[in-house]
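Worksheet: the structure to be examined is printed underneath.
The values are calculated or read from the model by the stated rules, or taken from the named source; none is laboratory data. This one's a predicted model, so the numbers in the text were calculated from it and none came from an experiment. Methodologically, a virtual Cβ is constructed for each residue, glycine included, from the backbone with ideal geometry; neighbour enumeration extends over all protein chains shown. Ligands, DNA and RNA are excluded from the accessible area calculation, which covers all protein heavy atoms including side chains. Shrake-Rupley method; radii C 1.70, N 1.55, O 1.52, S 1.80 Å.
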Amino acid sequence: MSLTFHWFLPTNGDSRHVVGGGHGTPATAFGRNRPPTVAYLSQIARAAEDLGFVGVLTPTGAWCEDAWLTTAMVSRHTERLKFLVAFRPGFVSPTLAAQMASTFQRQTGGRLLLNVVTGGESHEQRAYGDFLDKDARYRRTGEFLQIVRDLWEGKTVDLSGEHLQVEDARLARVPDPVPEVYFGGSSPIAGEIAARHVDVYLTWGEPPAQVAEKIAWVRGLAAKEGRTVRFGIRLHVITRDTAEQAWTEAHKLLDGFDPDTVKSVQAGLARSESEGQRRMLALHGGNREDLEIHPNLWAGIGLVRGGAGTALVGSHDEVAERIKEYHALGIDEFVLSGYPHLEEAYWFGEGVLPRLAAQGLWQHPIAPTSTPAAQVPFTS
């Protein structure tokens, strides 16, 4: 089975520095270095498509551009690339969301993937008019996905739930293919929702032992529901011809972290109700020292950025080995990013993917026997 790789569309802005923000904290000033215009995001999307990434993830929240609108516009500048659109149940009705997804599929030729984000910050949710607590939001997500999936199957849906109610709901045209649903969450109720409703469970880049525990947990819950779930991981990457070059780049990013910004971001993230964010913060404790928490796994990004806060750092061979290590645990999909996103897509696509292709672990989605990304890698 070929591994699946996705890249990231920085709809909060891009830079040669880390653009912080997310999880209730605003984007940092570096996000203005390369504004998230359709033209620039399309550059990144076309590069990802050419290099062999299957899709691109877009974030959601007040700190970035709207994911639905942005990806719809960028899709016109690509041919094959899929869009892993992040959205929050509760901000739009389930029937309308099902209809939007169906329309997106038809207008793009089946290139929609959905990343369901329940929302771990009550203060941010309230800004959108959502006053449920965290557990209630997850229960609403379960009802939401039940309605949406039934509509996608062509059913007429009547549901009177704890949080959502629809009557005689149906779609005039169902999506073909049905979009796959991606979802992440580390709390007990998040695991229950994943087991019942999602196709791919995503975890942030924790050390392999912790990732293995999560996989076993969700896999066991899904088995009780009579289902199987695939697994993916969300990571940043800094990969170069040599390990020394990669770590030099990581240290350059770290040197650009203003102490006051780190303090402010960490204070903001400490308010998060997200169990996953709590686990990310625990990896570095707000300190700049001892940030390599596992061979080639660096927690520095999380000092200034919410959500995914770790990066694979090393030579192309080392990064490929770490990917193989996660794959051995059960991870089949990798959602990656790097600063700046245009250049880092090429470093990974031209440096790591050929090594995985040479070992039979990956092939280019378009031309597996002729594309440069599938050739035997050069020796550095």
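Over the chain, what relative contact order in percent results from Cα pairs under 8 Å that are six or more residues apart? Before the final figure, lay out each step's value.
Details: 765 pairs, mean separation 76.0, N = 380.
Taking the mean separation of contacting Cα pairs over the length of the chain, I get 20 percent.
The 1.4 Å probe gives accessible areas that order 83, 30, largest first, as 30, 83. Between the stretch 244-297 and the stretch 1-65, what is the C-alpha centre distance in whole Å? Going from one Cα centre to the other spans 19 Å. Backbone phi angles across the stretch 244-261, fed through the Karplus curve with coefficients 6.51, -1.76 and 1.60 (θ = phi - 60°), yield HN-Hα couplings of 4, 5, 5, 6, 4, 5, 4, 5, 5, 4, 4, 5, x, 7, 5, x, 5, 5 Hz in residue order; Gly and Pro are listed as x. Between the C-alpha center of the stretch 174-220 and that of the stretch 106-163 there is a gap of 15 Å.
Remark: spin-label model distance residue 361-residue 66 equals 4.0 nm, labels positioned 7 Å along the Cα→Cβ axis. Taking every protein chain into account, the 1.4 Å probe leaves residue 54 with about 40 Å² of accessible area, to the nearest ten. Positive end of the dipole of the chain (Cβ unit charges, origin at the Cα centre): among 175, 132, 33, the Cα lying farthest that way belongs to 175.
Round to the nearest 0.05 the FRET efficiency obtained for residue 159 and residue 216 when R0 = 41 Å and r is the Cβ-Cβ distance.
Values: r = 32 Å, r/R0 = 0.78.
Once rounded, the FRET efficiency stands at 0.80.
Taking all protein chains together and a 1.4 Å probe, the residues 73, 280 rank 73, 280 from largest to smallest accessible area.
What is the distance, in nm, between label points placed 7 Å from the Cα along the Cα-to-Cβ direction at residue 76 and at residue 275? That separation, rounded to one decimal, is 4.3 nm. Using the Cβ-Cβ distance between residue 135 and residue 241 with R0 = 45 Å, the FRET efficiency computed as 1/(1 + (r/R0)^6) comes to roughly 0.40. Measuring only protein heavy atoms, the 1.4 Å probe finds residue 260 accessible over about 110 Å².
Using the Cα centre as the reference, give the magnitude of the dipole from point charges on the C-beta atoms of the stretch 258-321 (Lys, Arg: +1; Asp, Glu: -1; all else neutral), rounded to the nearest 20 debye. Walk me through the intermediate numbers first.
Values: 6 positive and 10 negative charges, 81 e Å.
Computed charge dipole of the stretch 258-321: roughly 400 debye.
Once the chain from residue 282 to residue 258 is taken as fully extended at 0.36 nm per residue, the excess over their C-alpha distance is 6.6 nm. In this structure the amide hydrogen of residue 297, modeled in the peptide plane, comes within under 5 Å of the amide hydrogens of 313, none closer than 5 places in sequence on its chain. Distance distribution note for the stretch 1-149: the fraction of Cα pairs above 20 angstrom is 52%. Rg then Dmax, both in Å and based on the Cα atoms of the chain: 19.9, 62. In a fully extended conformation the segment linking residue 92 and residue 168 would gain 25.6 nm over its present Cα-Cα distance, using 0.36 nm per residue.
Heavy-atom accessible surface of residue 68, to the nearest 10 Å², is about 40 Å², with a 1.4 Å probe and all protein chains retained. The 1.4 Å probe gives accessible areas that order 242, 4, largest first, as 242, 4.
Across the accessible surface of the chain, with the other protein chains kept in place and a 1.4 Å probe, carbon and sulfur atoms take up 49 percent. For the chain, the solvent-accessible area works out to 40 Å² per residue, with a probe of 1.4 Å and every protein chain left in place. The slack in the chain from residue 126 to residue 227, taken as 0.36 nm per residue of separation less the alpha-carbon distance, amounts to 33.0 nm. A simple rule links phi to the HN-Hα coupling: the Karplus curve 6.51 cos²θ - 1.76 cosθ + 1.60 with θ = phi - 60°, which for the stretch 10-27 gives x, 6, 9, x, 9, 5, 7, 10, 6, 8, x, x, x, 6, x, 10, x, 5 Hz, with x for Gly and Pro.
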